[in-house]
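Throughout, read-outs are computed from the coordinates displayed, never taken from laboratory work. Bear in mind that the values here come from a model prediction, so they are computed numbers and not experimental data. Glycine also receives a Cβ, built like all others from the backbone with ideal geometry; neighbour counts cover every protein chain displayed.
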Amino acid sequence: MIDVRGVKDRPSTLELKGKPADVADIMPLVLINPEVTPVGEPATGGEGCLSFPEIFTEIARPGFVDVKAWNEKLKPIEFRAGGLLARAVQHETDHLNGILFIDRMDRKKKEEFRDELDTLQAATKAELKKK
């Protein structure tokens, strides 16, 4: 599920059937079994993740994506997304494929966050032991 309504500083674009559309019209967006095809060159942009609170960094991803999926009513949906919406679709699709945004960080950036990542990993392991 994705919802980029209200984000003004990082605009999103949407094309439905090749024509510009209002992103708010499809929010919140549920994508079941999404197929995401990158379009164009990578764009670097700020990214974070609820799984890694306090970590926010620049990640390179394609600036546009073509998406085919099923919506919450099990109807097919196809669109082209740009900007923040494209980034969010790729980020959430990565989660479905077992990829985290820290996996997309370059080595130098990951080392900058090493202490935070180690602390989070230790806390997660401790929580799992309790269960």
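Overview of values
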item	result
For segment 80-94 and segment 9-70, distance of Cα centres in Å	2
In Hz, Karplus ³J(HN,Hα) per residue of segment 25-31 (6.51, -1.76, 1.60; θ = phi - 60°; x = Gly, Pro)	5, 10, 9, x, 9, 9, 10
Environment charge of Asn97, counting only residues whose C-beta is closer than 13 Å and scoring Lys/Arg +1, Asp/Glu -1	-3
Diffusion coefficient, µm² s⁻¹, Stokes-Einstein with Kirkwood Rh over alpha-carbon pairs of the chain at 4 °C and 1.567 mPa s	81
Nitroxide proxy distance, nm - points 7 Å out along Cα→Cβ at Asp22 and His95	2.7
Sorted by Cβ density within 10 Å, fewest first, the residues Arg87, Arg104, Arg114, Arg80	Arg114, Arg104, Arg80, Arg87
Relative contact order (percent, whole number), segment 12-105, Cα cutoff 8 Å, 6+ residue spacing	31
FRET efficiency, 1/(1 + (r/R0)^6) with R0 41 Å, evaluated for Trp70 and Lys110 via beta carbons	0.75
Rounded FRET efficiency, nearest 0.05, which uses the C-beta distance separating Asp103 from Met1 and R0 of 22 Å	0.55
Inter-site label distance for Glu127 and Phe52 at 7 Å from Cα along Cβ, in nm	1.6
Karplus 3J(HN,Hα) series, Hz, for segment 70-82 with 6.51 cos²θ - 1.76 cosθ + 1.60 (x for Gly, Pro)	10, 8, 5, 9, 6, 9, x, 9, 9, 7, 10, 10, x
Under 14 Å from the Cα of Lys19 - aspartates and glutamates, other chains or at least 8 residues apart	Asp66, Glu78
Placed amide H near Phe64: partners under 5 Å, 5+ positions off or other chain	Val39
